[in-house]
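Everything on this sheet refers to the single structure shown next.
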Amino acid sequence: MSKPKLHLDEDASDPDIYNALVSKGHDVTHTPNEWVKKKASDVEQLQKASEQGRSIFSFNAKDFIRIAKRTPRHKGIVVSAQKPLSIILKALNRFLNESSAEEMEDQVRWLNDWEKD
């Protein structure tokens, strides 16, 4: 089983999140980059991330849950409410360390599944 690769959608593309995860050795990308433009739609970001073999992370839960119902094939969606950065980083780190890319395929999961005290 392989470690998941993560893409931060434009809504979650906080440099602090990106830099902290990359510094821990995780394979993370964000919008915009060379394969997804700034202001790309949520559908396009999910499609492009999936083409790159990446789960996508977003704070835009409502839209991504709706999109997942219309797009049953993807590499995984992780959504979260806005929370303090320290909580988001700990949970994303756990997700990337404890999950596999294979188990995330076609799944929509809440980040709080990886929040632990």
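Readers should treat all values here as calculations from the given coordinates under stated rules, not as data from a laboratory. As the structure is a computational prediction, the values presented were derived from the model and not from experiment. Cβ atoms come from the backbone with ideal geometry, glycine included; neighbour counts cover every protein chain shown.
Here are the numbers for this structure:
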quantity: The stretch 5-57-the stretch 60-77 distance, computed between alpha-carbon centres (Å); calculated: 15 Å
quantity: Considering only the chain, percent of DSSP beta bridges that pair antiparallel, nearest 5; calculated: 5 percent
quantity: Relative contact order (%) - criterion: Cα under 8 Å, at least six apart; region: the chain; calculated: 31 percent
quantity: Added length on full extension, which subtracts the Cα-Cα distance from 0.36 nm per residue, Val108 to Lys62; calculated: 15.4 nm
quantity: Pair Lys37, Thr71: separation of 7 Å Cα→Cβ label points (nm); calculated: 1.7 nm
quantity: Lys, Arg +1 and Asp, Glu -1 on Cβ, resulting dipole of the chain about Cα centre, debye, nearest 20; calculated: 160 debye
quantity: Pairwise label distance in nanometres, Lys116 with Lys90, each label 7 Å out on the Cα-Cβ vector; calculated: 1.1 nm
quantity: In Hz, Karplus ³J(HN,Hα) per residue of the stretch 8-19 (6.51, -1.76, 1.60; θ = phi - 60°; x = Gly, Pro); calculated: 8, 5, 4, 5, 10, 7, 7, x, 5, 5, 4, 5
quantity: Burial order of peptide ranges 25-36, 55-66 (average beta-carbon count within 10 Å, highest first); calculated: 55-66, 25-36
